[in-house]
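No value in this document is a laboratory result; all are computed from the given coordinates. Note that this is a predicted model, so its numbers are computed, not measured. Glycine gets a Cβ as well: all are built from the backbone with ideal geometry, and neighbour counts include every protein chain shown.
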Amino acid sequence: MLSALNELVQRVAHTLMATDAGNYVAAGEEVLTDVAAHFGLDVAFLRHNDHTIGATILIAQWPIRTCLPDPDPIATVYFKDADPVFALTEHVEEPVILRPVAQPDEFRRHIEEGTVPVVSMAVVPMNVVDTADGSDGFITTGTLGFIKYGDLAWTADVITALKVIATMFAHVKARVEAQESVKHLAEHDDLTGLRNRRSLLDHLAGRLAAGRPGPVAALFIDPDQLKAVNDLLGHETGDQVLVELTQRLREHIADVAFLARLGGDEIIAVLNEPTTLAATYEYAEQLRRMLAARLLLGSTYIRHRVSIGVAVGIPGTDSVSDLLRYAEHALTAAKAAGGNTVIAFSDELAERYSLRTDIEVHLHDCLENGALFLRYLPEVDLQSGELSALEAVVRWNHPTRGLLLREEFMPIAEATNFGGAVGREVMRLACGQFQHWRRAGLAHQVMLRVKLSPAQVVTDGFTEHLAATLAEFDIPAAALCLELPEDLLVAEAQRCGQILLALKDIGVRLALNNFGSGYRFLPSLKELPLDSLKVGREFVHTLDLGGENELFVRSIAALADAFGLELTADGLETESAAQRLVAMGCRRAQGPLVSGPLDSDATEALLKMPTLRPPIRTVVHP
């Protein structure tokens, strides 16, 4: 008998030795089957105790039930509502043996009447030492239960063997839970509890494998203005916003999507079922509206909004990085559109970001291989017909895209910290060419205009580098006019005010470019040391139509006159518009009517001409 028990214990140990989270239930069923067969039992079960919720949970059993009731009354049994047998398993130090002959007279009477089956039961606790409070107590982490229909004598040797088996189960349970904890930490984000980047990449790799159903839909979800919340209320509050967003997502879509935090404030939802782009967009719109809320964080209400980028990937065609890149590009477009919106990835977006990537890759090389070059846009004095200024306009001969205009690559250069370097190169090229013309006796009465990028203006050492460049090429500071973007002066008003004063100390002239595009700069215009304004082309090219645009240009002209500022019109196209400008008091202009951008040779020929066009001597009032 003892030898057979030892063999049973050894078989159980061998089975449990290689057990992990993936096969724990199957191993439990195998052991229960073996033990039940050895003792001729009718029922055997393994249950775990969850002391957090106060319940015992069925893990494995024999015989294995193939048809489970819903709900299953024995799947999870709460101790506070349990019958005496289940209730005693919450905290039990030694095995509990229940036999009919050991029960009270009333219980035996029910058996004799046939109202209660004759059973013998052994309940063996899975106990581990409780080290949490430094005591030598124990925790009942679960129980093994064994039932025999009829009476069975549980000998001391049998009970000892069952205790050994229960102890092995307790240690295996602890090991599996530790493995699961490590696995959970490796796959989940600490703050939100969502899956992490690594887990997301593994999930998408499986979903996008060749032969898997598709399309696979991804939603790139990002809370709007979280940076502002962090700056204003602190990162802890920002984390609360992210946790609240995560909770709302779990409540609404956890059963239909794989949720992960990619990093920072970016959350990815991968829909479980194959979904078209159009259907994904509609779903994302519903989700965006659902996530909109006013959050009370401490004593502060925060208006919560999200932007969502939507994309789909085709298994076997699109890679994981492809799908994430598509969704990220769509999210970037949603943010650029003002936030609180959904944008789906499209061929147009693909081309836009393909161009962006192409520009980013070659930006550094363009500064070293001379791929940047200048064209010069003439500015004329409409009343005299003489050339009054030349605006240096940068172009890029891109190795794969060909000729790129400034507006195509400069915003990307600024976003990738190349704006200052590109601006310095443009300044050197312009000053070098201007020096050449001046040494040839040309351009002494002409102003050189150069547009500045926001990144260039706020770069450390900008004014010092400018002064050094003017000195290097022997260009009088008063011959250079720097054109500043209106939005920069609005966004960086205080900082730019100091920079402008430093530039005026150098002696250069300052112009506000594209004035009127925002019409928001008027209150502080008189506070900055500007010399001139340039009216935006969107107002000038419709001047012949009259109406609001004409009134607007007229008001700008009056404003410039009141502040003693020169005024230049950009985008002049017709003679009638030229006459209207002169009538308003604006005598300088550039645009198609004057000339398009010219290379250096054509510009030099222009510099040798006494006038560019016939003067407007007789003003026709509109």
Open item on the list: Given a Förster distance of 56 Å, report the FRET efficiency between ARG250 and LEU593 from their Cβ-Cβ distance, rounded to the nearest 0.05.
Closed with: 0.35
Task: Virtual paramagnetic centre 7 Å along Cα→Cβ of ARG197, amide N under 20 Å, in the range 226-269 - done: 226-227, 239, 242-243, 246, 258-269
Open item on the list: Given a Förster distance of 45 Å, report the FRET efficiency between HIS444 and SER354 from their Cβ-Cβ distance, rounded to the nearest 0.05.
Closed with: 0.45
Open item on the list: Let's see if you can work this out: charge +1 on each Lys and Arg Cβ, -1 on each Asp and Glu Cβ, no other charges. What is the dipole magnitude of the range 196-317 about its Cα centre, in debye to the nearest 20?
Closed with: 100 debye
Task: Helix-only CD estimate at 222 nm, as mean residue ellipticity for the chain, using -39500 (n - 2.57) per DSSP H run (n ≥ 4) - done: -14000 deg cm²/dmol
TODO: Rank VAL553, GLN179, GLN240 by how far each Cα sits towards the positive end of the charge dipole of the chain (+1 on Lys, Arg Cβ; -1 on Asp, Glu Cβ) and give me just the farthest.
DONE: VAL553
- [ ] Among DSSP beta bridges whose residues both lie in the chain, state the antiparallel percentage, nearest 5.
- [x] 70 percent
- [ ] Calculate how many DSSP beta bridges within the range 306-459 are antiparallel, expressed in % of all such bridges and rounded to the nearest 5.
- [x] 65 percent
TODO: Report the label-to-label distance for ALA558 and ILE53 in nanometres (one decimal), using points 7 Å from each Cα along the Cα→Cβ vector.
DONE: 7.5 nm
Task: Contour excess over end-to-end distance, with Cα ends at ASN397 and GLU282 and 0.36 nm allotted per residue - done: 37.2 nm
TODO: Could you work out how far apart the two model spin labels at THR155 and THR66 are, taking each label as a point 7 Å from the Cα in the direction of the beta carbon, and quote it in nm?
DONE: 3.7 nm
TODO: Using 0.36 nm per residue of separation minus the Cα-Cα distance, give me the extension gain between LEU545 and ALA18 in nm, one decimal.
DONE: 181.2 nm
Open item on the list: How long are the semi-axes of the equivalent ellipsoid of the chain, taking √(5λ) for every eigenvalue λ of the Cα gyration tensor, in whole Å from largest down?
Closed with: 83, 24, 22
Open item on the list: What distance in nm lies between label points placed 7 Å from Cα along the C-beta direction at LEU295 and ALA174?
Closed with: 4.0 nm
Open item on the list: Expected output is a single nm value to one decimal: the length gained when fully extending between ARG303 and ASN417, i.e. 0.36 nm times separation in residues minus the C-alpha distance. What is it?
Closed with: 37.8 nm
TODO: Have a look at PHE434, ILE64, LEU8 and report the one farthest towards the positive end of the charge dipole of the chain, computed about the Cα centre with Cβ charges (Lys/Arg +1, Asp/Glu -1).
DONE: PHE434
TODO: Pull up all non-local amide H partners of VAL43: gap of 5 or more, or a different chain, and H-to-H distance under 5 Å with H placed in the peptide plane.
DONE: ILE147
Open item on the list: With a cut-off of 8 Å between alpha carbons and a minimum separation of six or more residues, what is the relative contact order of the chain in percent?
Closed with: 8 percent
Task: Cβ-based exposure ranking for SER532, SER3, SER307, SER600, in which fewest neighbours within 10 Å come first - done: SER3, SER600, SER532, SER307
